[in-house]
Amino acid sequence: MDIKFKNLHIENFMSIGEANINLSDRAFTLIEGVNNNENDNARSNGSGKSSIFEALVWVLTGTTMRG
């Protein structure tokens, strides 16, 4: 089975309010995040990077990687 995702639209999923990601003709892709929480020293932890993959898993299986 070969699945090719063209576009991923996320709304109110985990830490992502709304995102529209074009996945057509992508090779290796760097995903960076920025944590804007002034109360901790994390630079990118908690910024929603993993939520993109969780959304793809949820679409395919109906559950997240975390259950």
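The values are calculated or read from the model by the stated rules, or taken from the named source; none is laboratory data. Just so it is clear, the structure is predicted and the values come from calculations on it, not from any experiment. Reconstructed Cβ throughout: ideal geometry from the backbone, glycine too, with neighbour counts over all protein chains shown. Each accessible area value is taken on the protein alone, full model and side chains, heavy atoms only, with ligands, DNA and RNA left out. Shrake-Rupley method; radii C 1.70, N 1.55, O 1.52, S 1.80 Å.
Taking amide H atoms as placed 1.01 Å from N in the peptide plane, list the residues 5 or more away in sequence, or in a different chain, whose amide H sits under 5 Å from that of Phe13.
none
Sequence-distant or interchain residues sharing an amide H contact under 5 Å with Phe5, placed H: which?
Here nothing satisfies the definition.
Gain in length, Ile31 to His9, computed as 0.36 nm per residue apart minus the alpha-carbon separation, to one decimal in nm?
Extra length available between Ile31 and His9 comes to 6.3 nm.
What list of ³J(HN,Hα) values in whole Hz, one per residue of the range 60-67 in order, does the Karplus curve 6.51 cos²θ - 1.76 cosθ + 1.60 (θ = phi - 60°) give from phi, with Gly and Pro shown as x?
7, 10, x, 9, 8, 5, 8, x
Long-range amide H contacts for Asn35: which residues qualify at under 5 Å (H placed 1.01 Å from N, peptide plane, sequence gap of 5 or more or a different chain)?
Ser44
So what are the chain's ellipsoid semi-axes, whole angstrom, largest first, if each one is the square root of 5 times an eigenvalue of the alpha-carbon gyration tensor?
On the way: eigenvalues 111, 45, 23 Å².
Working through the eigenvalues yields semi-axes of 24, 15, 11 Å.
Distance in nm between label sites at Trp58 and Arg43, each 7 Å beyond Cα in the beta-carbon direction?
2.8
May I ask you to give the solvent-accessible area per residue for the range 4-66, in square angstrom, as obtained with a 1.4 angstrom probe?
On the way: 5230 Å² over 63 residues.
For the range 4-66, the per-residue accessible area is 83 Å².
Counting only protein heavy atoms and using a 1.4 Å probe, what share of the accessible area of the chain belongs to carbon plus sulfur, as a whole percent?
On the way: 2790 of 5740 Å².
Of the solvent-accessible surface of the chain, carbon and sulfur hold 49 percent.
Calculated from DSSP H runs of 4 or more alone, at -39500 (n - 2.57) each and per residue, what is the 222 nm mean residue ellipticity of the chain, nearest 500? Intermediate results must be reported in sequence, preceding the final value.
Working: 1 runs with 13 residues, N = 67.
After summing the helix terms and dividing by the residues of the chain, the value is -6000 deg cm²/dmol.
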